[in-house]
1. Taking 0.36 nm per residue of sequence separation and subtracting the Cα-Cα distance, how much length would be gained by fully extending the chain between K109 and V136, in nm to one decimal?
2. Considering only Cα-Cα distances, which of the following residue pairs are longer than 22 Å: K106/K345; K171/K242; K62/K162; K155/K313?
3. Can you list the aspartates and glutamates whose alpha carbon sits under 14 Å from that of K98, skipping same-chain ones fewer than 8 residues off?
4. May I ask for the distance between the Cα centers of region 174-249 and region 2-81, given as a whole number of Å?
5. Would you calculate the separation in nanometres between label points at V237 and K203, each defined as 7 Å from the Cα along the Cα-to-beta-carbon direction?
6. Just round it to a whole percent: the fraction of Cα-Cα distances in region 11-84 exceeding 21 Å.
7. Please list the radius of gyration and Dmax for region 1-129, considering alpha-carbon atoms only, with Å as the unit.
8. Using the Kirkwood radius over Cα pairs, work out the Stokes-Einstein diffusion coefficient for the chain at 37 °C and 0.692 mPa s, in µm²/s as a whole number.
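Readers should treat all values here as calculations from the given coordinates under stated rules, not as data from a laboratory. Please read all numbers here as calculations on a predicted model, not as lab measurements. Every residue, glycine as well, gets a Cβ built from its backbone with ideal geometry; the counts of neighbours run over all protein chains shown.
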Amino acid sequence: MENVRFFLYRTATFWNSFKAIYKLPPEKVDAFVKSFEIFHYDWKDEEKLKKAFGDDYYQVFKKKLCDYYSVINLICSLGSVEKMYIPAIVDPQKSLAKNQELFERKMIKDLNIKSGSRVLDIGCGRGRVAAHVARVSGAHVTGINIDDEQLKHAKLFANKTKLNQLAQFQKADLNDIPFPFEDESFDAIYHIQVFSCSRDLGKLLKEIHRMLKPGGRVSSCDWATLDNYNPNDPEHVEIVEKIKPLLGAIGTPSKAEYLEAFRQAGFRIVLAEVPSVRKTDDLNIEKASKEFTMIHKLINFLVKLRIVPKHFKTLLEQLTPNVDTFIEVDRRGLATTNLHIVAEKV
């Protein structure tokens with residue numbers, strides 16, 4: 001019965017996303033394509049950013065991030081990555097969606113989230129993870145995001161699933177510090193593949209420390225280079241840079257930089273790992289790649305028959321380059337999208 005419900009849900013999600021993409025105006029398609037340019041930069045090189053976008057470069061980045069995420073959510077929802085992340089391989093026999101659920105349940109346990117806990121989801125997207133955390137744990141989850149469109153979908157989903165009393169959403173920017181919350185407001189805080197958008201990771205983690213209650217925990221699951229990555233090796237630098245647009249990543253902290261930033265902010269590291277049973281996530285990346293390759297072929301066929309507009313092909317082609325490089329980088333242990341750090345406020 002559960003499989004039937006999931007099939008019906010995925011069918012409805014695919015159809016709704018398909019219709020939304022069909023109706024996208026040309027200016028929104030163009031804005032999405034142009035948004036990819038920001039992923040060729042890094043927060044560390046501020047002079048390069050100012051030269052390209054002016055002294056107020058962050059406002060340009062913020063607009064382009066919204067242009068990116070408002071469409072990429074729709075594309076990802078055609079497949080199994082509606083939650084906007086490829087999960088670690090918790091169970092190799094399970095689907096992508098089921099591995100997402102398994103990771104989120106692990107995260108709930110790692111953060112000691114219980115019924116009545118107050119939890120902050122930073123960069124909540126369309127609120128699917130927040131809704132799942134609220135439903136499984138009974139916690140009160142507040143999701144924040146910079147994009148009005150994603151927040152609208154998050155609120156609609158919470159209402160539809162009758163979780164609106166537990167999962168609530170508001171507009172906020174992770175780079176606009178301080179956050180609009182009092183000291184010691186939350187029992188737990190988490191994010192999934194969001195902190196590469198942070199201009200100042202140390203400052204952000206200190207703000208998270210401020211908002212957490214004593215003994216509260218934060219979970220960070222994100223893009224980072226690993227011990228096998230050599231920043232002085234041109235080949236390593238080149239292939240890691242190639243996949244940033246595919247991931248929507250701007251900053252690329254190393255594992256060591258992440259851990260040091262947590263310690264400097266006053267946290268005790270509870271765990272730091274890639275939580276895959278294989279220690280790499282290449283199989284899940286391959287699953288997603290095969291799925292979107294099939295979708296891409298279907299869309300190309302429909303475009304040729306003039307059943308769907310050409311912009312379908314344009315949008316999907318933004319995601320196809322460098323997928324094999326993504327798999328290679330993960331398989332070689334150069335970088336991961338699933339460096340999972342859990343830290344406690346002491």
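1. Working: separation 27, 0.36 × 27 = 9.72 nm, distance 1.07 nm.
Full extension from K109 to V136 adds 8.6 nm.
2. On the way: K106/K345 19 Å; K171/K242 31 Å; K62/K162 32 Å; K155/K313 30 Å.
In this structure, K171/K242; K62/K162; K155/K313 lie more than 22 Å apart at Cα.
3. Reachable aspartates and glutamates: E2, E82.
4. After rounding, the separation between the Cα centres reads 19 Å.
5. Those two pseudo-labels are separated by 2.6 nm.
6. Working: 1019 of 2701 pairs.
Here the tail beyond 21 Å accounts for 38 percent of pairs.
7. So, for region 1-129, Rg and Dmax equal 18.3, 57 Å respectively.
8. Numbers: Rh = 20.6 Å.
Estimated via Stokes-Einstein, D reaches 159 µm²/s.
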